[in-house]
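A short write-up of the structure that comes next.
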Amino acid sequence: MKAMVYRGPYKVRVEEKDVPAIEHPNDAIIRVTLAAICGSDLHLYHGMMPDTRVGHTFGHEFIGVVEQVGSSVQNLKPGDRVMVPFNVYCGSCYFCARGLYSNCHNVNPNATAVGGIYGYSHTCGGYDGGQAEFVRVPFADVGPSLIPDWMDDEDALLCTDALATGYFGAQLGDIVEGDTVVVFGAGPVGLFAAKSAWFMGAGRVIVIDHLEYRLEKAREFAHAETFNFAEHKDIVVEMKKATGYLGADVVIDAVGAEADGNFIQHVTSAKLKLQGGSPVALNWAIDSVRKGGTVSVMGAYGPMFSAVKFGDALNKGLTLNMNQCPAKRQWPRLFEHIKNGHLKPNDIVTHRIPLEHIAEGYHIFSAKLDNVIKPLIVPSAG
Ligand SMILES: [Zn+2]
Ligand SMILES: [Zn+2]
């Protein structure tokens, strides 16, 4: 089969690989019909995620058709059209039993602090991902769900991570009626977080980024007020001014360890290997929220040191809510919003790229060319 393969920082290509085989009775093999490149894949692409091995296939956002199931699989059969959450999880451990699927204790032999994620390095379990023609899905009775008949492939694909994570970010904000919600980052997750904040009763939603075309999307798709931090001397001061000098009730960090355009982070992370995540957006969040407010974090942060302004967070009495999204837990509500027409996830899709051209896709996304917001990968289009 054809699969995206990592060859080193900024080097990916499509290679022939063996079609994955059933390794455990509860595995399924999925023929991928649609995948995506996620902003967090860029951390891998830039060589900033520990233990990203040459030969690894990325891709934690994918949907497909069941090709083959192991002998104990009961919920899926060949031919089923399924969506697969980005988390690999067992469904029965202490954490899964509490809905904390992203914190599953049984799926990652390489780390205890992080669960399993498809195509996200050996730090996250070493599972090959879905930027390929086929992918092995463990715990096949647990993660995958049938895609509802009425749902578009692209909308289903976006539920596997970006939309679920954005919605989760808004949930972690504990938004109450009338709250002013600030979202740092107008990438796919930030756009979905901003949109979701309205569903949860926000009275005002402000999105901050430095890419004007993304801010335009935030105004159009998420009906948000926008600020371009590159046009202001101090974005925190602007947020204070915009909120009567109190600060926002809720601030969502949808940037995480953003790898582009941040010189300080680039030098410390990529060159000196000192720091796994840029805390710039997080520190702006801590500074922009009002005392007693909530900061929500669901971006991708590396396991290494991040210089967070923890003392300020303490002195302001903040609540910091954070986790990787347990994607499937969000699906019932997301399905309702999509079915009711309150939300059209694929409005944010900008590129549909054949798998064969995925290297170009990574380059476009990494360099933020061609007004890219969300690039999809189409395995059969080559
Ligand atoms: Zn993702
Ligand atoms: Zn588990």
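Results, tabulated for the structure shown:
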| item | result |
| --- | --- |
| Looking only at region 198-218, and only at residues there that are open to solvent by less than 20 Å² (accessible area, probe 1.4 Å) and over 24 Å from Gly39 (Cα atoms), the one that is farthest from ligand 1 (Cβ to nearest atom) | Gly201 |
| Complete set of residues in region 14-33 that are under 23 Å from Tyr362 (Cα atoms), open to solvent by less than 80 Å² (accessible area, probe 1.4 Å) and among the acidic types (Asp, Glu) | Glu15 |
| Candidates Val176, Val135, Val142, filtered to the one that is modelled with pLDDT of 95 or more and not in a loop (DSSP other than H, G, I, E, B) | Val135 |
| Test: residue in region 86-101 that is over 17 Å from the mean Cα position of the chain (by Cα) and at pLDDT below 95 | no |
| Inter-residue pairs, beta-carbon under 6 Å, first at positive phi and in region 58-74, second surrounded by 24 or more Cβ atoms within 10 Å (Cβ to Cβ) and of a type in the set (Gly, Ala, Ser), 6+ apart | Gly59/Ala35; Gly59/Gly119; Gly59/Gly129; Gly59/Gly130 |
| Residue, farthest from Val181 (Cα to Cα), within region 207-228, restricted to residues that are in a strand (DSSP E or B) and of a type in the set (A, V, I, L, M, F, W, C) | Phe227 |
| Number of positions in region 333-366 that are part of a loop (DSSP other than H, G, I, E, B), closer than 25 Å to Tyr213 by Cβ and open to solvent by less than 70 Å² (accessible area, probe 1.4 Å) | 1 |
| Test result for Val137, touching a Pro at 6+ places or on another chain (Cβ under 8 Å) and under 13 Å from Gln324 (Cβ atoms) | no |
| Neighbours by Cβ (under 7 Å, 6+ apart or cross-chain): first from region 239-250, more than 15 Å from Leu282 (Cβ to Cβ) and touching a residue at least 60 places away in the same chain (Cβ under 8 Å); second part of a loop (DSSP other than H, G, I, E, B) and of a type outside the set (Val, Ile, Thr) | Asp249/Asp179 |
| Check on Ala164, within 16 Å of ligand 1 (Cβ to nearest atom) and assigned to a helix (DSSP H, G or I) | yes |
| Members of region 181-197 found to be of a type in the set (A, V, I, L, M, F, W, C) and open to solvent by 10 Å² or more (accessible area, probe 1.4 Å), listed by number | Val189 |
| Region 100-129 - residue that is more than 16 Å from ligand 1 (Cβ to nearest atom) and open to solvent by less than 10 Å² (accessible area, probe 1.4 Å) and, of those, farthest from Tyr301 (Cα to Cα) | Val107 |
| Restricting region 77-92 to residues that are away from ligand 1 (no atom under 16 Å from the Cβ) and part of a loop (DSSP other than H, G, I, E, B), the residue that is surrounded by the most Cβ atoms within 10 Å (Cβ to Cβ) | Cys90 |
| Any hit, region 95-105, residues being more than 10 Å from ligand 2 (Cβ to nearest atom), out of contact with any Asp or Glu (no Cβ under 7 Å at 6 or more places or on another chain) and part of a loop (DSSP other than H, G, I, E, B) | yes |
| Residue satisfying condition, being touching a Phe, Trp or Tyr at 6+ places or on another chain (Cβ under 8 Å), in contact (Cβ under 8 Å) with a residue 24 or more places away in the chain and aliphatic (A, V, I, L, M), within set Ile147, Ile206 | Ile206 |
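The values are calculated or read from the model by the stated rules, or taken from the named source; none is laboratory data. A quick note: this is a predicted structure, and the numbers were derived from the prediction, not measured. For neighbour counting, all protein chains shown are included, and Cβ atoms are generated from backbone atoms with ideal geometry for every residue, glycine included. Heads up: the accessible areas ignore ligands, DNA and RNA and are worked out on the full protein's heavy atoms, side chains in. Shrake-Rupley method; radii C 1.70, N 1.55, O 1.52, S 1.80 Å.
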